[in-house]
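K.L.:
Got a structure here, written out as C-alpha coordinates. Questions coming.
The values are calculated or read from the model by the stated rules, or taken from the named source; none is laboratory data. As the structure is a computational prediction, the values presented were derived from the model and not from experiment. Ideal geometry is used to build each Cβ from the backbone, glycine not excepted, and the neighbour counts take in all protein chains shown. Surface accessibility is based on the protein's heavy atoms, side chains included, excluding ligands, DNA and RNA. Shrake-Rupley method; radii C 1.70, N 1.55, O 1.52, S 1.80 Å.
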Amino acid sequence: MRIVFKTDYMQDIRPWKDGYQLSLYVILLTVVFAAPWWLDAFYLGELTNVLIWAIAGLGLMILTGHTGQASLGHAAFLAFGCYANVILIESGVPFLVAFPLAGILTGIAGVTVAIPALRLHGIYLAIFTLALSILMDDLIVLAEPITGGVAGKYMGGVEIFGHLVDRWGTPEQFYWLVLAVTVLVTLGYVNLLRTSLGRSFIAVRDSEVSAQAMGIDIARTKTVSFALSCAVTGWAGALMGLYAGAFNNETFSVVISIQLLMMIVIGGLGSIHGAFLGAIVIGFLPQFLSIAKEYAGALFGGGTVAIPGLEFGIFGMILIGFILFEPMGIYGRWLKIRTWFELFPFYRKDMFKRQKSYLKTERLR
(Lines give C-alpha, C1' and ligand atoms only; values in the text may rest on other atoms or scores of the structure.)
Protein backbone atom coordinates (compact mmCIF):
# COMPACT_ATOMS: atom_id res chain seq x y z
CA MET A 1 0.00 0.00 0.00
CA ARG A 2 1.45 3.34 -1.12
CA ILE A 3 0.38 6.62 0.52
CA VAL A 4 1.49 10.10 -0.56
CA PHE A 5 1.84 12.50 2.37
CA LYS A 6 1.34 16.15 1.46
CA THR A 7 3.71 18.54 3.21
CA ASP A 8 3.43 21.59 0.93
CA TYR A 9 0.61 23.58 -0.67
CA MET A 10 2.40 23.25 -4.03
CA GLN A 11 1.57 19.54 -4.03
CA ASP A 12 -2.10 20.36 -4.60
CA ILE A 13 -1.54 22.57 -7.64
CA ARG A 14 1.43 21.04 -9.46
CA PRO A 15 0.67 18.84 -12.50
CA TRP A 16 2.17 15.66 -11.02
CA LYS A 17 1.18 13.97 -7.79
CA ASP A 18 4.68 13.11 -6.55
CA GLY A 19 8.23 12.55 -7.70
CA TYR A 20 7.47 8.98 -8.75
CA GLN A 21 4.79 10.10 -11.20
CA LEU A 22 7.07 12.85 -12.53
CA SER A 23 9.82 10.32 -13.13
CA LEU A 24 7.44 8.15 -15.18
CA TYR A 25 6.56 11.12 -17.39
CA VAL A 26 10.26 11.96 -17.84
CA ILE A 27 11.04 8.35 -18.82
CA LEU A 28 8.13 8.30 -21.29
CA LEU A 29 9.24 11.60 -22.83
CA THR A 30 12.80 10.29 -23.12
CA VAL A 31 11.61 7.14 -24.90
CA VAL A 32 9.49 8.99 -27.46
CA PHE A 33 12.22 11.58 -28.01
CA ALA A 34 14.70 8.81 -28.79
CA ALA A 35 12.24 7.03 -31.13
CA PRO A 36 14.06 8.02 -34.36
CA TRP A 37 17.08 6.00 -33.16
CA TRP A 38 15.24 2.78 -32.34
CA LEU A 39 12.38 2.76 -34.88
CA ASP A 40 12.60 2.36 -38.64
CA ALA A 41 11.05 4.90 -41.02
CA PHE A 42 7.72 3.04 -41.31
CA TYR A 43 6.99 2.73 -37.61
CA LEU A 44 8.31 6.23 -36.97
CA GLY A 45 5.72 7.47 -39.46
CA GLU A 46 3.02 5.50 -37.66
CA LEU A 47 4.08 6.98 -34.32
CA THR A 48 3.95 10.45 -35.87
CA ASN A 49 0.42 9.72 -37.05
CA VAL A 50 -0.56 8.67 -33.52
CA LEU A 51 0.79 11.93 -32.09
CA ILE A 52 -1.21 13.95 -34.64
CA TRP A 53 -4.35 12.02 -33.71
CA ALA A 54 -3.57 12.67 -30.05
CA ILE A 55 -3.44 16.44 -30.68
CA ALA A 56 -6.82 16.25 -32.44
CA GLY A 57 -8.15 14.16 -29.54
CA LEU A 58 -6.95 16.77 -27.04
CA GLY A 59 -8.85 19.38 -29.02
CA LEU A 60 -12.09 17.41 -28.89
CA MET A 61 -11.46 16.45 -25.26
CA ILE A 62 -11.57 20.12 -24.23
CA LEU A 63 -15.07 20.47 -25.67
CA THR A 64 -16.59 17.04 -25.07
CA GLY A 65 -14.58 15.50 -22.25
CA HIS A 66 -14.22 18.53 -19.98
CA THR A 67 -17.07 20.84 -21.04
CA GLY A 68 -19.64 18.16 -21.87
CA GLN A 69 -20.54 19.49 -25.34
CA ALA A 70 -20.89 16.62 -27.81
CA SER A 71 -19.44 17.31 -31.25
CA LEU A 72 -19.54 15.26 -34.44
CA GLY A 73 -18.17 18.03 -36.63
CA HIS A 74 -14.52 18.42 -35.69
CA ALA A 75 -13.45 17.11 -39.09
CA ALA A 76 -14.60 20.49 -40.42
CA PHE A 77 -12.15 22.27 -38.12
CA LEU A 78 -9.38 19.83 -39.05
CA ALA A 79 -9.99 20.81 -42.69
CA PHE A 80 -10.15 24.52 -41.82
CA GLY A 81 -6.80 24.41 -40.04
CA CYS A 82 -5.21 22.35 -42.80
CA TYR A 83 -6.31 24.62 -45.65
CA ALA A 84 -5.61 27.80 -43.66
CA ASN A 85 -2.03 26.66 -43.00
CA VAL A 86 -1.38 25.70 -46.63
CA ILE A 87 -2.96 28.84 -48.09
CA LEU A 88 -0.91 31.05 -45.77
CA ILE A 89 2.31 29.25 -46.69
CA GLU A 90 1.49 29.53 -50.41
CA SER A 91 0.97 33.27 -49.86
CA GLY A 92 4.55 33.59 -48.65
CA VAL A 93 3.97 33.48 -44.88
CA PRO A 94 6.73 31.55 -43.04
CA PHE A 95 5.63 28.27 -41.48
CA LEU A 96 6.45 29.41 -37.92
CA VAL A 97 3.94 32.24 -38.43
CA ALA A 98 1.41 30.40 -40.59
CA PHE A 99 1.06 27.41 -38.28
CA PRO A 100 0.01 29.27 -35.09
CA LEU A 101 -2.08 31.67 -37.19
CA ALA A 102 -3.96 28.72 -38.72
CA GLY A 103 -4.95 27.57 -35.22
CA ILE A 104 -6.03 31.08 -34.23
CA LEU A 105 -8.18 31.43 -37.37
CA THR A 106 -9.74 28.02 -36.68
CA GLY A 107 -10.48 29.14 -33.12
CA ILE A 108 -12.23 32.26 -34.45
CA ALA A 109 -14.27 30.02 -36.76
CA GLY A 110 -15.16 27.93 -33.71
CA VAL A 111 -16.45 31.04 -31.92
CA THR A 112 -18.75 31.86 -34.84
CA VAL A 113 -20.10 28.30 -34.63
CA ALA A 114 -20.49 28.44 -30.85
CA ILE A 115 -22.71 31.54 -30.86
CA PRO A 116 -25.73 29.90 -32.57
CA ALA A 117 -25.04 26.59 -30.78
CA LEU A 118 -25.17 27.95 -27.22
CA ARG A 119 -28.78 26.91 -26.67
CA LEU A 120 -28.30 23.40 -28.03
CA HIS A 121 -27.62 20.40 -25.81
CA GLY A 122 -26.95 16.69 -26.22
CA ILE A 123 -28.11 15.09 -29.43
CA TYR A 124 -29.22 18.41 -30.92
CA LEU A 125 -25.73 19.87 -30.61
CA ALA A 126 -24.26 16.68 -32.07
CA ILE A 127 -26.58 16.91 -35.09
CA PHE A 128 -25.74 20.60 -35.54
CA THR A 129 -21.98 19.92 -35.57
CA LEU A 130 -22.49 16.88 -37.83
CA ALA A 131 -24.20 19.16 -40.35
CA LEU A 132 -21.15 21.46 -40.20
CA SER A 133 -18.85 18.58 -41.08
CA ILE A 134 -21.02 17.67 -44.08
CA LEU A 135 -21.28 21.32 -45.12
CA MET A 136 -17.50 21.78 -45.05
CA ASP A 137 -17.17 19.12 -47.76
CA ASP A 138 -19.35 21.19 -50.09
CA LEU A 139 -17.64 24.47 -49.15
CA ILE A 140 -14.24 23.07 -50.09
CA VAL A 141 -15.58 22.08 -53.52
CA LEU A 142 -17.37 25.40 -54.08
CA ALA A 143 -14.30 27.43 -53.08
CA GLU A 144 -12.20 25.77 -55.78
CA PRO A 145 -10.10 28.87 -56.64
CA ILE A 146 -8.83 28.91 -53.04
CA THR A 147 -8.96 25.26 -51.96
CA GLY A 148 -8.33 23.47 -55.25
CA GLY A 149 -11.76 21.80 -55.09
CA VAL A 150 -11.92 18.10 -55.87
CA ALA A 151 -8.35 18.13 -57.21
CA GLY A 152 -7.19 19.29 -53.80
CA LYS A 153 -3.81 20.67 -52.86
CA TYR A 154 -0.30 19.32 -52.51
CA MET A 155 1.97 20.34 -49.66
CA GLY A 156 5.60 19.33 -49.62
CA GLY A 157 8.09 20.10 -46.90
CA VAL A 158 8.30 23.32 -44.93
CA GLU A 159 11.38 25.33 -44.08
CA ILE A 160 12.16 26.01 -40.41
CA PHE A 161 15.28 28.03 -39.60
CA GLY A 162 16.77 27.06 -42.95
CA HIS A 163 16.12 23.33 -42.50
CA LEU A 164 13.71 21.41 -44.72
CA VAL A 165 11.15 19.46 -42.68
CA ASP A 166 9.38 16.94 -44.90
CA ARG A 167 7.21 13.94 -44.08
CA TRP A 168 8.96 11.75 -46.67
CA GLY A 169 12.34 13.39 -47.18
CA THR A 170 13.23 14.02 -43.52
CA PRO A 171 10.86 11.90 -41.39
CA GLU A 172 12.96 12.36 -38.24
CA GLN A 173 12.73 16.17 -38.35
CA PHE A 174 9.01 16.00 -39.07
CA TYR A 175 8.55 13.66 -36.11
CA TRP A 176 10.34 16.08 -33.80
CA LEU A 177 8.14 18.92 -35.08
CA VAL A 178 4.99 16.94 -34.29
CA LEU A 179 6.41 15.85 -30.92
CA ALA A 180 7.21 19.46 -30.00
CA VAL A 181 3.66 20.57 -30.84
CA THR A 182 2.26 17.62 -28.87
CA VAL A 183 4.30 18.48 -25.77
CA LEU A 184 3.37 22.17 -25.93
CA VAL A 185 -0.34 21.45 -26.40
CA THR A 186 -0.32 18.89 -23.58
CA LEU A 187 1.44 21.25 -21.16
CA GLY A 188 -0.99 24.01 -22.10
CA TYR A 189 -3.93 21.66 -21.51
CA VAL A 190 -2.59 20.56 -18.12
CA ASN A 191 -2.19 24.16 -16.99
CA LEU A 192 -5.61 25.09 -18.40
CA LEU A 193 -7.28 22.56 -16.10
CA ARG A 194 -5.52 24.16 -13.10
CA THR A 195 -7.03 27.59 -13.84
CA SER A 196 -10.46 28.93 -12.91
CA LEU A 197 -11.47 28.64 -16.57
CA GLY A 198 -10.63 24.94 -16.63
CA ARG A 199 -12.63 24.35 -13.47
CA SER A 200 -15.50 26.26 -15.06
CA PHE A 201 -15.42 23.83 -17.98
CA ILE A 202 -15.80 20.89 -15.59
CA ALA A 203 -18.57 22.63 -13.63
CA VAL A 204 -20.56 23.25 -16.83
CA ARG A 205 -20.08 19.63 -17.82
CA ASP A 206 -21.34 18.28 -14.49
CA SER A 207 -24.33 20.62 -14.07
CA GLU A 208 -25.09 23.82 -15.94
CA VAL A 209 -27.68 24.90 -13.39
CA SER A 210 -25.29 24.41 -10.48
CA ALA A 211 -22.49 26.16 -12.38
CA GLN A 212 -24.75 29.13 -13.09
CA ALA A 213 -25.74 29.27 -9.42
CA MET A 214 -22.04 29.57 -8.55
CA GLY A 215 -21.71 32.61 -10.80
CA ILE A 216 -20.21 30.98 -13.89
CA ASP A 217 -21.14 32.61 -17.20
CA ILE A 218 -22.37 29.57 -19.14
CA ALA A 219 -22.41 31.25 -22.56
CA ARG A 220 -18.91 32.68 -22.16
CA THR A 221 -17.52 29.36 -20.87
CA LYS A 222 -18.96 27.38 -23.78
CA THR A 223 -17.73 29.95 -26.30
CA VAL A 224 -14.17 29.89 -24.93
CA SER A 225 -14.28 26.09 -24.87
CA PHE A 226 -15.32 26.00 -28.53
CA ALA A 227 -12.56 28.47 -29.43
CA LEU A 228 -9.78 26.57 -27.64
CA SER A 229 -11.03 23.20 -28.86
CA CYS A 230 -11.17 24.35 -32.48
CA ALA A 231 -7.76 26.07 -32.27
CA VAL A 232 -6.05 22.86 -31.07
CA THR A 233 -7.97 20.85 -33.68
CA GLY A 234 -6.86 23.32 -36.35
CA TRP A 235 -3.21 22.72 -35.44
CA ALA A 236 -3.80 18.97 -35.71
CA GLY A 237 -5.40 19.52 -39.12
CA ALA A 238 -2.39 21.55 -40.29
CA LEU A 239 -0.07 18.70 -39.26
CA MET A 240 -2.37 16.16 -40.92
CA GLY A 241 -2.07 18.08 -44.18
CA LEU A 242 1.72 18.05 -43.95
CA TYR A 243 1.64 14.34 -43.04
CA ALA A 244 -0.65 13.39 -45.94
CA GLY A 245 1.10 15.61 -48.47
CA ALA A 246 -1.88 15.66 -50.83
CA PHE A 247 -5.46 16.21 -49.68
CA ASN A 248 -8.87 17.27 -50.95
CA ASN A 249 -12.47 17.50 -49.72
CA GLU A 250 -12.67 13.73 -49.10
CA THR A 251 -9.65 13.68 -46.78
CA PHE A 252 -11.59 15.26 -43.89
CA SER A 253 -14.88 13.41 -44.23
CA VAL A 254 -17.51 12.98 -41.53
CA VAL A 255 -15.96 9.58 -40.78
CA ILE A 256 -12.99 11.43 -39.24
CA SER A 257 -15.37 13.19 -36.83
CA ILE A 258 -16.86 9.87 -35.76
CA GLN A 259 -13.40 8.36 -35.32
CA LEU A 260 -12.36 11.30 -33.15
CA LEU A 261 -15.36 10.83 -30.87
CA MET A 262 -14.79 7.08 -30.70
CA MET A 263 -11.14 7.73 -29.87
CA ILE A 264 -11.75 9.82 -26.76
CA VAL A 265 -14.56 7.51 -25.57
CA ILE A 266 -12.35 4.42 -25.91
CA GLY A 267 -9.37 6.19 -24.36
CA GLY A 268 -11.35 7.68 -21.47
CA LEU A 269 -13.55 10.77 -21.46
CA GLY A 270 -12.42 13.61 -19.26
CA SER A 271 -8.71 12.72 -19.10
CA ILE A 272 -5.67 13.86 -21.04
CA HIS A 273 -4.29 10.33 -20.87
CA GLY A 274 -7.46 9.10 -22.58
CA ALA A 275 -6.73 11.17 -25.70
CA PHE A 276 -3.32 9.50 -26.07
CA LEU A 277 -4.56 5.98 -25.32
CA GLY A 278 -7.41 6.39 -27.80
CA ALA A 279 -5.00 7.73 -30.42
CA ILE A 280 -2.86 4.60 -30.02
CA VAL A 281 -5.92 2.43 -30.73
CA ILE A 282 -7.05 4.51 -33.71
CA GLY A 283 -3.54 4.84 -35.12
CA PHE A 284 -2.23 1.31 -34.74
CA LEU A 285 -5.40 -0.79 -35.15
CA PRO A 286 -5.45 -0.54 -39.00
CA GLN A 287 -1.85 -1.75 -39.12
CA PHE A 288 -2.60 -4.51 -36.64
CA LEU A 289 -5.53 -5.69 -38.78
CA SER A 290 -3.36 -5.62 -41.91
CA ILE A 291 -0.62 -7.69 -40.23
CA ALA A 292 -3.25 -10.07 -38.80
CA LYS A 293 -4.76 -10.65 -42.25
CA GLU A 294 -1.34 -11.41 -43.73
CA TYR A 295 -0.57 -13.80 -40.87
CA ALA A 296 -3.94 -15.53 -41.28
CA GLY A 297 -3.37 -15.85 -45.03
CA ALA A 298 0.04 -17.42 -44.48
CA LEU A 299 -1.28 -19.75 -41.75
CA PHE A 300 -4.43 -21.01 -43.47
CA GLY A 301 -3.30 -20.63 -47.07
CA GLY A 302 -4.51 -18.28 -49.77
CA GLY A 303 -3.88 -14.61 -50.28
CA THR A 304 -5.12 -11.76 -48.16
CA VAL A 305 -8.69 -10.79 -49.06
CA ALA A 306 -9.87 -7.23 -48.56
CA ILE A 307 -12.99 -7.20 -46.40
CA PRO A 308 -14.98 -3.98 -46.91
CA GLY A 309 -15.91 -2.28 -43.63
CA LEU A 310 -13.73 -4.56 -41.48
CA GLU A 311 -11.84 -1.70 -39.86
CA PHE A 312 -14.94 0.26 -38.88
CA GLY A 313 -16.68 -2.93 -37.79
CA ILE A 314 -13.83 -3.65 -35.37
CA PHE A 315 -13.91 -0.04 -34.16
CA GLY A 316 -17.65 -0.36 -33.56
CA MET A 317 -17.31 -3.58 -31.58
CA ILE A 318 -14.55 -2.09 -29.45
CA LEU A 319 -16.67 1.00 -28.76
CA ILE A 320 -19.74 -1.07 -27.83
CA GLY A 321 -17.60 -3.23 -25.56
CA PHE A 322 -16.23 -0.20 -23.69
CA ILE A 323 -19.66 1.41 -23.35
CA LEU A 324 -21.13 -1.79 -21.90
CA PHE A 325 -18.28 -3.04 -19.74
CA GLU A 326 -15.93 -0.10 -19.13
CA PRO A 327 -17.58 3.33 -19.64
CA MET A 328 -14.48 5.04 -18.20
CA GLY A 329 -12.37 3.80 -21.13
CA ILE A 330 -8.85 2.40 -21.14
CA TYR A 331 -7.60 5.02 -18.70
CA GLY A 332 -10.50 4.27 -16.36
CA ARG A 333 -9.56 0.60 -16.35
CA TRP A 334 -5.95 1.51 -15.61
CA LEU A 335 -7.09 3.71 -12.69
CA LYS A 336 -8.97 0.75 -11.21
CA ILE A 337 -5.94 -1.55 -11.57
CA ARG A 338 -3.61 1.05 -10.09
CA THR A 339 -5.97 1.78 -7.19
CA TRP A 340 -6.27 -1.93 -6.46
CA PHE A 341 -2.50 -2.19 -6.03
CA GLU A 342 -2.25 1.04 -4.03
CA LEU A 343 -5.08 0.18 -1.58
CA PHE A 344 -4.65 -3.59 -1.34
CA PRO A 345 -6.09 -5.23 0.73
CA PHE A 346 -8.63 -2.43 1.39
CA TYR A 347 -9.84 -2.00 -2.20
CA ARG A 348 -13.58 -2.40 -2.83
CA LYS A 349 -15.05 -2.72 -6.32
CA ASP A 350 -17.92 -0.35 -5.45
CA MET A 351 -15.40 2.51 -5.24
CA PHE A 352 -15.83 3.05 -8.99
CA LYS A 353 -19.52 2.19 -9.18
CA ARG A 354 -21.08 3.99 -12.10
CA GLN A 355 -23.45 6.84 -11.25
CA LYS A 356 -26.69 5.93 -13.03
CA SER A 357 -28.88 8.84 -11.92
CA TYR A 358 -28.50 12.42 -13.06
CA LEU A 359 -28.53 15.45 -10.83
CA LYS A 360 -31.94 16.70 -9.80
CA THR A 361 -30.95 20.22 -10.79
CA GLU A 362 -30.65 19.09 -14.40
CA ARG A 363 -34.42 18.47 -14.51
CA LEU A 364 -34.92 22.23 -14.45
CA ARG A 365 -32.95 22.79 -17.64
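K.L.:
Around A246, which amide H atoms from residues at least 5 apart in sequence, or from another chain, sit under 5 Å from its own amide H, with H modelled in the peptide plane?
P.N.:
For A246, whose amide H was placed from the backbone, the distant partners under 5 Å are M155.
K.L.:
From the residues A114, L132, L78, which one has its Cα farthest along the dipole of segment 1-139 in the positive direction, the dipole being from +1 and -1 charges on Cβ of Lys/Arg and Asp/Glu about the Cα centre?
P.N.:
So the residue furthest toward the plus end is A114.
K.L.:
Let me ask you something else. What would the Debye formula give as log10 I(q)/I(0) at q = 0.08, 0.09 Å⁻¹ for the alpha-carbon point model of the chain, no solvent?
P.N.:
Log10 I(q)/I(0), no solvent term: -0.44, -0.56.
K.L.:
Give a residue-ordered list of calculated ³J(HN,Hα) values for segment 171-180 (Karplus: 6.51 cos²θ - 1.76 cosθ + 1.60, θ = phi - 60°; whole Hz; x for Gly, Pro).
P.N.:
Running phi through 6.51 cos²θ - 1.76 cosθ + 1.60 with θ = phi - 60° gives x, 5, 5, 5, 4, 5, 4, 5, 5, 5 Hz.
K.L.:
Who wins for biggest fluctuation among L101, L142, L22 in a Gaussian network model of the chain, springs between alpha carbons below 10 Å?
P.N.:
Fluctuation is largest for L22.
K.L.:
Which residues' amide hydrogens lie under 5 Å from the amide hydrogen of A70, considering only partners 5 or more residues apart or on another chain, with H built in the peptide plane?
P.N.:
Hits under the 5 Å cutoff: G122.
K.L.:
Could I ask something else about it? Ordered by packing density, taken as the mean number of other Cβ atoms within 10 Å over each peptide's residues, highest first, how do 332-343, 65-76 rank?
P.N.:
In descending order of packing, they fall as 65-76, 332-343.
K.L.:
Per the helix-only calculation at 222 nm, which mean residue ellipticity applies to the chain, given -39500 (n - 2.57) for every DSSP H run of n ≥ 4 and division by its residues, nearest 500 deg cm²/dmol?
P.N.:
-22500 deg cm²/dmol
K.L.:
Shifting gears a bit: Per residue, what accessible area does the chain have, given a 1.4 Å probe and all protein chains present, in Å²? Mind dumping the intermediate values first?
P.N.:
Numbers: 19610 Å² over 365 residues.
Ligands and nucleic acids excluded, the result is 54 Å² per residue.
K.L.:
So what are the ³J(HN,Hα) numbers for segment 9-24, from phi and the Karplus equation (6.51, -1.76, 1.60; θ = phi - 60°), rounded to whole Hz, Gly and Pro as x?
P.N.:
Couplings: 5, 5, 5, 7, 10, 7, x, 10, 6, 7, x, 5, 5, 4, 5, 5 Hz.
K.L.:
Next question. Suppose each label sits 7 Å from its Cα in the direction of the beta carbon; what would the I337-I134 distance come out to in nanometres?
P.N.:
Distance between the two pseudo-spin positions: 4.1 nm.
K.L.:
Amide H of I160: which non-local residues (sequence gap of 5 or more, or other chain) have their own amide H closer than 5 Å, using H built in the peptide plane?
P.N.:
Those qualifying (amide H under 5 Å, at least 5 residues apart or on another chain) are V165.
K.L.:
If you take every residue apart from Q173 with its C-beta less than 13 Å away from the C-beta of Q173, what net charge results, scoring Lys and Arg +1 and Asp and Glu -1?
P.N.:
-2
K.L.:
List, in order, the whole-Hz ³J(HN,Hα) value for each residue of segment 193-208 obtained from phi through the Karplus relation with A = 6.51, B = -1.76, C = 1.60 and θ = phi - 60°; use x for Gly and Pro.
P.N.:
Karplus values, whole Hz, x for Gly and Pro: 5, 8, 8, 5, 5, x, 5, 5, 4, 5, 5, 5, 5, 6, 6, 5.
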